[in-house]
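Participant: After the structure tokens below, expect a handful of questions from me.
The values are calculated or read from the model by the stated rules, or taken from the named source; none is laboratory data. Bear in mind that the values here come from a model prediction, so they are computed numbers and not experimental data. Don't worry about glycine lacking a Cβ; one is built from the backbone with ideal geometry, like all the others, and counts go over all protein chains shown. These area figures cover heavy atoms from the full protein model, side chains too; ligands, DNA and RNA do not enter into them. Shrake-Rupley method; radii C 1.70, N 1.55, O 1.52, S 1.80 Å.
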Amino acid sequence: MAVALMSCMQLRAQVKIHGVLEDNRYDDGEQMKSEYVGWNAELGKGIFVVDNGLWTMTWDGATLSTPAKEPEVSVAQARTDNDYALWANDFNLMSGKSGAAFVDGKLITVHSRDEQSTPDEELFAVRKWDATTGNLESGRSDYYPKSATLESAGMAYNPVDGEVYGLFYLTGQDLPEEITSDPDYFEDQDANMTDGDAGYAICRIDLTTMKVYPITHGLYYYNFITFAINSEGRAFALTSGGSAAPEDEDGKVRDIDGNLTGAQLCEFDLTTGLMKADAYGHGTGYCSQYRRQAACFAASEPNKMYWIGYYNSGKGYNEYGSWGNLPDKEWRTNHKYDTCLYEVDITTGEATRLALVTNRCRFSALWIDGDDISIGSDYWSKDHTATGIDSVHNLQSTVHSYYNLNGQRVTQPTKGIYISNGKKVIVK
């Protein structure tokens, strides 16, 4: 019995993490390898086998395995098998640098193209993939306009209402008039609703139409780097973080009062889109760079968020002993581009650095093998159409939560104006 229990415990400690590789850097300095395997007459172009694609790694409670491409791509087969070569070549299109979401075996990636050389009506490339086979199911030539506002810090499935939410980068002109016309919620910084009013907002997105529904009553201007939802429907984001303070003996950074600083853990209410009270300021203890990263929850562990972020903020002590930007040429030894697997305790915000990620892999989406909150959902067969922000509000719980006009949650509202379930409420 004891042996069986120990075996079960060891089995449960194994966590297989899947991800969409967005970037990496090998020890020899090469980045995102690309190998030419031949000319394809059908496409009229060369075929390349690239690092982009679906990757996995396993955390066993002590060590993190080297990330491996899964399904594996054979260069030799790509040189001789035309159909296989076309399949392998599709991974050139797998980029979620503007957001990616895994939902019950399917994967959506959003890639924003170069705005300087791309027509506004073709800014976002959106693709749908089979997350097991790596097959490109749609989107080879699907482009969405800039007005689709598909740039996000991350997207995630919410098991409470069966919808997908994200932190989308919006401008004032993208928000509903009921928000922009109320000075309690929104301040037009330049009086003409331009990109100068840009910030992040909680939105729901229909992954079948890629329509974004803002549910927020304002924009947030923090440097968000990732977004995830746990099995209880609680939504979290991480910011990039830097600090001029030296690391303590445990490798974490703290302020003058001894509080953890670095990247911050934030929690949002998906009903109002507002950040919860005291939800900004939970330092993870580790600094991280301002580049899109990825995080996720196992369905069985709602209080533990897995995050693959950077080892540092790109800053540290230089050869003269002063704090500043770390030199690029010494990245192999100063950890400037290293990435790590972290475990974030959402009850405190504190992170634990579990292991460095081999070859500095960075991901735009993560999910747990066999233990993702979206497994078994009927998302892809449902209608997700909504009209206006009220329709999105109604998808959520009817439990009344009150927020003041600073977006802070209050348990006992006193006299004044509050927000409850997205509506303005006057307490007399």
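Participant: Mind checking the full-extension length gain between Ser138 and Asn82? Use 0.36 nm per residue of separation minus the Cα-Cα distance, one decimal, nm.
Facilitator: Stretched fully, the Ser138-Asn82 segment lengthens by 18.2 nm.
Participant: Shifting gears a bit: Quick check: with the 1.4 Å probe, what order do Arg113, Arg360 take by accessible area, largest first?
Facilitator: Solvent-accessible surface, decreasing: Arg113, Arg360.
Participant: Just grab the label-to-label distance for Thr56 and Thr194, each label 7 Å out from Cα along the Cβ direction, in nm (one decimal).
Facilitator: Modelled inter-label distance: 5.0 nm.
Participant: Points 7 angstrom from Cα along the Cβ direction at Asn92 and Glu301: gap in nanometres?
Facilitator: For Asn92 paired with Glu301, the spin-label model returns 3.9 nm.
Participant: Tell me, what ³J(HN,Hα) does each residue in the stretch 27-44 have, in order and in whole Hz, if you take phi through Karplus 6.51 cos²θ - 1.76 cosθ + 1.60 with θ = phi - 60° and put x for Gly and Pro?
Facilitator: 4, 7, x, 6, 10, 6, 4, 9, 10, 6, 10, x, 8, 10, 5, 4, 8, x
Participant: Same structure, new question: For Glu319 paired with Ser34, estimate the spin-label separation in nm (one decimal), with each label point 7 Å from Cα along the Cα-to-Cβ line.
Facilitator: Inter-label distance under the simple model: 3.4 nm.
Participant: I'd like the distance separating the alpha-carbon centroids of the stretch 281-322 and the stretch 130-149, in whole Å.
Facilitator: 29
Participant: Same structure, new question: Take the cross-link list Lys16/Lys69; Lys69/Lys106; Lys69/Lys304; Lys69/Lys315; Lys16/Lys128 and give me the ones stretching past 19 Å between alpha-carbons.
Facilitator: Lys69/Lys304; Lys69/Lys315; Lys16/Lys128
Participant: Taking only protein heavy atoms and a 1.4 Å probe, what accessible area per residue, in Å², does the stretch 3-144 have with all protein chains in place?
Facilitator: 50
Participant: Further question on the same structure: Could you give the length gained on full extension between Asp104 and Ala68, defined as 0.36 nm per residue of separation minus the Cα-Cα distance, in nm?
Facilitator: Values: separation 36, 0.36 × 36 = 12.96 nm, distance 2.15 nm.
Length gained, Asp104 through Ala68: 10.8 nm.
Participant: On average, how much accessible surface per residue is there in the stretch 159-296, in Å², for a 1.4 Å probe, leaving out ligands, DNA and RNA?
Facilitator: 37
Participant: Let me ask you something else. Provide the FRET efficiency to the nearest 0.05 for the Tyr290-Asn259 pair, computing r from the beta carbons and using R0 = 22 Å.
Facilitator: 0.50
Participant: Report, to the nearest whole %, how much of the accessible area of the stretch 201-275 belongs to carbon and sulfur atoms, 1.4 Å probe, protein only.
Facilitator: 45
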